[in-house]
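Written out below as structure tokens is the structure these notes cover.
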């Protein structure tokens, strides 16, 4: 049986900073909380990813209050925390070593932003051979404006990003289904 690890990406106080604009998927933290509860109850591996921005003005910069994990999804003692400085949680980090040590073959990836760090991490995980699942209600996107000036609501950014990742890099599911299929 493949052991699934729950990966929680960048769910820090910084995501609530107005610099990001309007966020969709307001239920994301609750759904991640549901997943954390199920993983912890079954004693399955959980890995938290913390973004430590190198940009001094970023709300994710170390030492700022935004760098702290949101309390509703904060790591418990003993749960690994991987610090990253780029979009992908695999670049310049010890994530692969952590996953090898945990002996996991499946990653259930949650967090923010779907179209940024989650997507970069999922693409790399898929290329590395992991079975990747994204619970669509446990990831969030923000409104975006493209290079032509067209405004894209967070809900559309979310739907398109999931469509681009589906079957190529990950399977798209939802929190309830993921929990129901846990070992």
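The values are calculated or read from the model by the stated rules, or taken from the named source; none is laboratory data. Source: prediction; values computed, not measured. Don't worry about glycine lacking a Cβ; one is built from the backbone with ideal geometry, like all the others, and counts go over all protein chains shown.
Per-structure values
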item: Residue in the stretch 57-77 that is surrounded by 14 or more Cβ atoms within 10 Å (Cβ to Cβ), touching a strand residue (DSSP E or B) at 6+ places or on another chain (Cβ under 6 Å) and part of a loop (DSSP other than H, G, I, E, B) present; result: yes
item: Filtered residue count, the stretch 78-87, keeping only those that are within 14 Å of the chain's Cα centre (by Cα) and either surrounded by fewer than 16 Cβ atoms within 10 Å (Cβ to Cβ) or part of a strand (DSSP E or B) (or both); result: 5
item: Scope the stretch 130-161; condition buried (at least 16 other Cβ atoms within 10 Å of the Cβ) and under 23 Å from residue 39 (Cα atoms); matching residues; result: 130, 132, 133, 134, 135, 136, 137, 138, 139, 140
item: Per-region count, the stretch 115-129, residues over 11 Å from the mean Cα position of the chain (by Cα) and surrounded by fewer than 22 Cβ atoms within 10 Å (Cβ to Cβ); result: 6
item: Test result for residue 82, without any contact (Cβ under 8 Å) to a residue 40 or more places away in the chain and in contact with a helix residue (DSSP H, G or I) (Cβ under 6 Å, 6 or more places away or on another chain); result: yes
item: Residue within the stretch 92-105 that is in contact with a helix residue (DSSP H, G or I) (Cβ under 7 Å, 6 or more places away or on another chain) and within 21 Å of residue 2 (Cβ to Cβ) present; result: no
item: Selection status of residue 156, touching a helix residue (DSSP H, G or I) at 6+ places or on another chain (Cβ under 7 Å) and within 18 Å of residue 26 (Cβ to Cβ); result: no
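For (1) touching a helix residue (DSSP H, G or I) at 6+ places or on another chain (Cβ under 6 Å); (2) loosely packed, with under 14 Cβ neighbours inside 10 Å; (3) at pLDDT 95 or above; (4) not in a helix (DSSP H, G or I), each residue gets a yes or a no:
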position	(1), (2), (3), (4)
6	yes, no, yes, yes
15	no, no, yes, no
32	yes, no, yes, no
38	yes, no, yes, no
43	no, yes, yes, yes
49	no, no, yes, yes
